[in-house]
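Here the structure comes first, spelled out in structure tokens, and everything after it is commentary.
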Amino acid sequence: MHLYYVSHDGQARKIAERIAARLGEKGIQVIARDSSVALPAPGELTGLVVLVAAVRYGKHLPLTDKFLSIYDVSEPKPPLVLLSVNLTARKPEKKSAEGSTYLKKTIAKHALKPVLARAIAGMLDYPRYRWFDKQMIRFIMFLTKGPTDPSLTVEFTDWNEVDALAARIGELQSAPPHA
């Protein structure tokens, strides 16, 4: 199994590390790898591939496309789990591949057929953002009826949901290849 993450503020990393830890508890050893440090080589992706990718300003971070371009040329195509970390996933209807604009766009752009695609709510940390980022994110949160108080830090990530996703990933890893 390969578990990679693409993170900007660290929440996608925390989620990937939590998934790796939960899988480790089930005897599935996997390391959460930072895509900004090393992308896999073409042909290196075998077995189940899990990508935890953060969204910034309405798009997955650019490394997501780079990673998926490598995945695109993998033959045979390994099964893919695609997890999108974004603030709109704080709303239940935005967690599925059908309800998440970010997942829909990425899946369509790369003609993906993930065995599991899910959006996970991220973390809002206004005090940590630079002035411009803070204003942009406040505007986006205003449009989506989220919190706009610039002094707030809100972790929207549901860690029980992340644990359930880790369990599902463990099942996918343990399933026969044609299950």
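How many residues, within the stretch 1-50, are among the hydroxyl-bearing types (S, T, Y) and crowded, with 21+ Cβ neighbours inside 10 Å? Steps first, please.
Within the stretch 1-50, the subset among the hydroxyl-bearing types (S, T, Y) is 4-5, 7, 35-36, 46.
So of that shortlist, the ones also crowded, with 21+ Cβ neighbours inside 10 Å come out as 4-5, 7, 35.
Within the stretch 1-50, residues that are among the hydroxyl-bearing types (S, T, Y) and crowded, with 21+ Cβ neighbours inside 10 Å number 4.
Taking the stretch 127-158 as the range and being of a type in the set (F, W, Y) and either within 16 Å of H8 (Cβ to Cβ) or surrounded by 15 or more Cβ atoms within 10 Å (Cβ to Cβ) (or both) as the test, the residues that pass are Y129, F132, F156. The lone criterion from (1) outside any strand (DSSP E or B); (2) closer than 21 Å to W159 by Cα left unmet by A41 is number (2).
If you scan the stretch 32-58, which residues turn out to be under 27 Å from M136 (Cα atoms) and acidic (D, E)? Reasoning before the result, please.
Pass one, the stretch 32-58, residues under 27 Å from M136 (Cα atoms): 34-36, 51-58.
Scanning the stretch 32-58 gives a single hit, D34.
A residue that is within 15 Å of E161 (Cβ to Cβ) and of a type outside the set (D, E) cannot be found anywhere in the stretch 55-72.
Every read-out reported here was derived from the displayed coordinates using simple, explicitly stated rules and does not represent laboratory data. Predicted model only: the values in this text are computed from it and were never measured. Reconstructed Cβ throughout: ideal geometry from the backbone, glycine too, with neighbour counts over all protein chains shown.
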